[in-house]
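First the structure, in the form of structure tokens, and then the observations on it.
What follows is calculated from the coordinates using simple rules that are stated; it is not laboratory data. Keep in mind the model is a prediction, meaning the values are calculated, not measured. With ideal geometry, Cβ positions are generated from the backbone for all residues, glycine too; neighbour counts draw on all protein chains shown.
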Amino acid sequence: MASITFITPSGATRTVERKDGSLMEAAVQNGVEGIDADCGGVCSCATCHIHVEPEWVDRVGPPGSAERALLELQDVTNERSRLACQVRINDALDGLVVRVAAR
Amino acid sequence: MSASAPACVIVGGGHAGAQCALSLRRLGWSGRITVVGDEPIHPYHRPPLSKGYLKGEATFDQILIRPVSVYAQQAIEFRLDARVVEIDRAKRAAILADGAALAYDKLVLATGSHNRKPPIEGIDLPGVHLLRTANECDTLRGAIAGASRALILGGGFIGLEVAASLRRQGREVTVLEREPRILSRVTSPEMAKVLHGIHREEGVEIHTGVTVSAIRRGAGLYRVETKEHAEYAAELVVAGTGAAPNTLLAEAAGLAVDNGIRVDAACRTSDPDIFAIGDCTCQHHPMYERDIRLECVQNATDQARTAASAIAGHPIPPRALPWFWSDQYDIKLQMAGLSNGYDDMVLRRHPGLPRSLSAWYFMGERLIAVAAVNDAIAYTVGSKLISLGKAVDRTRIADPNVDIKTLMDNVRGASS
Ligand SMILES: Cc1cc2nc3c(=O)[nH]c(=O)nc-3n(C[C@H](O)[C@H](O)[C@H](O)COP(=O)(O)OP(=O)(O)OC[C@H]3O[C@@H](n4cnc5c(N)ncnc54)[C@H](O)[C@@H]3O)c2cc1C
Ligand code: FES
């Protein structure tokens with residue numbers, strides 16, 4: 001089980017518990033503001049863009065090549081950007097904090 | 001909420017309807033929101049119906065756009081299994097099939113599209129499937145379980161995705177296409193040829209230039225006859241023969257309709273209190289300088305955000321570049337822009353990677369569209385270049401030794 005905290009563009013904090021699936025699913029299941037997930041998680045829409053907090057970047061890992069390409073299309077992308085639908089949840093991510101990208 | 005709070009009624013609980021309701025709340029609109037949907041279930045993602053959900057890789061809960069609890073938290077009300085049969089503009093009310101009248105201050109038509117049924121004898125037989133709703137998909141899945149062969153009428157995206165999903169489940173699949181090639185309405189002959197080749201490699205039989213004349217049932221099999229006097233047999237037939245916008249409500253209400261419900265840049269119809277979004281609309285696109293009707297998730301959700309912004313009194317976002325994706329086997333097709341009317345096309349291939357390529361479409365000097373197969377970087381660079389509207393060096397695109405990202409440098413250099 002991992003406890004994951006989303007900080008939304010309006011500054012609200014939501015902590016959710018989840019053991020598997022993607023970060024996008026964890027956000028959508030809990031109605032986290034700003035994660036729209038238009039494409040349903042197939043790495044096509046970038047409406048699940050998040051910034052991983054600096055201390056978590058290594059454990060979350062870098063984006064894959066298709067994900068990186070899609071991220072490059074977005075305005076607010078930085079070196080801590082990920083698409084939440086491409087991040088799988090596991091126990092090692094217990095305590096993770098991410099910020100939902102503003103669009 | 002007080003009785004005087006404004007009421008927004010959204011007709012249709014699909015991608016557009018759901019996103020419009022969610023966006024209204026995100027933008028701080030505090031009026032009453034009611035979504036009326038004629039399906040018995042909450043909004044769900046439609047694309048998996050021909051892909052993951054059809055193959056049984058996703059459960060229904062996993063394809064819901066939001067869990068039901070989220071709508072309750074956001075005070076978004078649903079009337080499911082309910083159909084709006086009339087819009088009374090004088091009384092500003094949406095009339096449901098059971099006679100109930102829902103008063104509105106703002107009405108949003110998000111009625112989507114329906115599958116075109118070709119006028120063929122036997123099209124209504126029980127083993128002939130159309131695919132638009134989760135319910136239809138469940139019926140189809142049941143039928144697949146007892147079938148070894150399937151016939152697919154129509155080689156468009158949905159037909160080909162169903163073909164790929166059925167092949168992955170070990171079924172014999174034959175696609176019958178009326179036009180001389182597959183995907184004739186949505187992509188170039190070169191791209192269609194590549195996709196045709198991939199389907200053939202995967203073991204799908206594709207026959208183009210054949211017109212189905214009748215479907216008959218006998219001895220557990222469906223026999224499809226063509227005008228060319230061929231006959232095909234399978235336990236299962238799926239018709240993927242195109243879609244048409246759901247405009248009857250709007251037409252009966254006297255709203256402007258022409259290949260979709262006419263809307264302005266704010267998604268307003270010819271009645272300023274009635275908006276329309278998604279597959280059911282036809283809207284001018286400033287970049288392509290013409291009116292277009294799109295059938296894709298991007299358009300449904302972006303128009304939903306636009307209408308919500310207008311209703312909530314926020315600035316209207318600029319009209320987005322259309323984009324679309326399709327997943328078949330191990331290939332991911334991504335398309336940005338609209339290629340209709342192109343006068344030149346450049347193919348970019350990668351030696352040794354036959355299933356990875358991109359097609360770049362030009363009209364005069366302008367890049368107007370890019371379609372990429374397993375090449376997300378080409379898709380990304382192409383999308384950016386289309387939006388920038390700058391001239392691009394075609395010989396560099398075609399050269400696989402050129403890093404496609406450097407095209408962006410040139411553009412920046414040229415414009416500075
Ligand atoms: C099998 C399939 C695969 C697809 N794959 C892709 C893909 O890979 N990528 C992509 O971008 N797009 C894809 N699409 C297209 C995409 O699903 C549509 O563009 C999108 O659903 C449009 O959203 P919408 O809200 O406008 O309409 P819909 O999602 O169709 O929703 C409209 C809803 O309104 C209801 N309705 C209509 N009239 C009334 C009424 N009078 N009263 C109450 N309810 C009413 C309808 O029953 C429906 O539930 C696919 C479509 C299908 C069918
Ligand atoms: S949900 Fe569309 S890219 Fe993540």
Debye intensity ratio in log₁₀ form over the Cα atoms of the range B:128-241, taken at each q of 0.10 Å⁻¹: -0.26
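Just from its helices, what would the mean residue ellipticity at 222 nm be for the protein assembly as shown, if runs of 4 or more DSSP H residues each count -39500 (n - 2.57) and the sum is divided by every residue, rounded to the nearest 500 deg cm²/dmol?
Details: 14 runs with 126 residues, N = 519.
After summing the helix terms and dividing by the residues of the protein assembly as shown, the value is -7000 deg cm²/dmol.
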Coordinate range along principal axes, alpha carbons of the protein assembly as shown, Å, largest first: 67, 63, 51
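Which value, in debye to the nearest 20, describes the size of the charge dipole of chain B about its Cα centre when Lys and Arg Cβ atoms bear +1, Asp and Glu Cβ atoms bear -1, and nothing else is charged?
Working: 47 positive and 46 negative charges, 121 e Å.
Magnitude of the dipole: close to 580 debye.
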Separation between Cα centres of the range A:11-76 and the range B:59-110, rounded to whole Å: 30
Exceeding the 21 Å Cα-Cα cut-off - candidates B:Lys332/B:Lys384; A:Lys19/B:Lys55; B:Lys193/B:Lys405: A:Lys19/B:Lys55; B:Lys193/B:Lys405
Average other protein chain Cβ within 10 Å of Cβ, residues A:67-73: 6
Karplus-derived HN-Hα couplings along the range B:47-53 (A = 6.51, B = -1.76, C = 1.60, θ = phi - 60°), whole Hz, x at Gly and Pro: x, x, 5, 9, 10, x, 5
Choice from B:Ala16, B:Ala192, B:Ala72 showing the highest fluctuation, given a GNM over chain B with Cα pairs closer than 10 Å: B:Ala72
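Based on the inverse mean of 1/r over its pairs of different Cα atoms, what is the Kirkwood hydrodynamic radius of the range B:330-415, in Å? Each step should come with its number before you reach the end.
On the way: mean 1/r = 0.0784 Å⁻¹.
Kirkwood hydrodynamic radius for the range B:330-415: 12.7 Å.
So what is the relative contact order of the range B:330-415, in percent, for Cα pairs below 8 Å that sit 6 or more residues apart? The partial results should precede the final answer.
Working: 157 pairs, mean separation 23.5, N = 86.
Relative CO of the range B:330-415 lands at 27 percent.
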Using θ = phi - 60° and Karplus 6.51 cos²θ - 1.76 cosθ + 1.60, couplings along the range B:23-30 (whole Hz; Gly, Pro as x): 5, 4, 5, 4, 7, x, 6, 10
Within straight-line cross-link reach of B:Lys106, lysines at Cα separation under 19 Å, skipping those fewer than 8 residues along the same chain: B:Lys91
Segments B:88-98, B:292-302, B:247-257 sorted - mean Cβ within 10 Å per residue, highest first: B:292-302, B:247-257, B:88-98
Within 10 Å of each Cβ in A:32-45, the average number of Cβ atoms from other chains: 6
Full-extension gain in nm, B:Asp409 to B:Ala219, via 0.36 nm per residue minus C-alpha separation: 62.0 nm
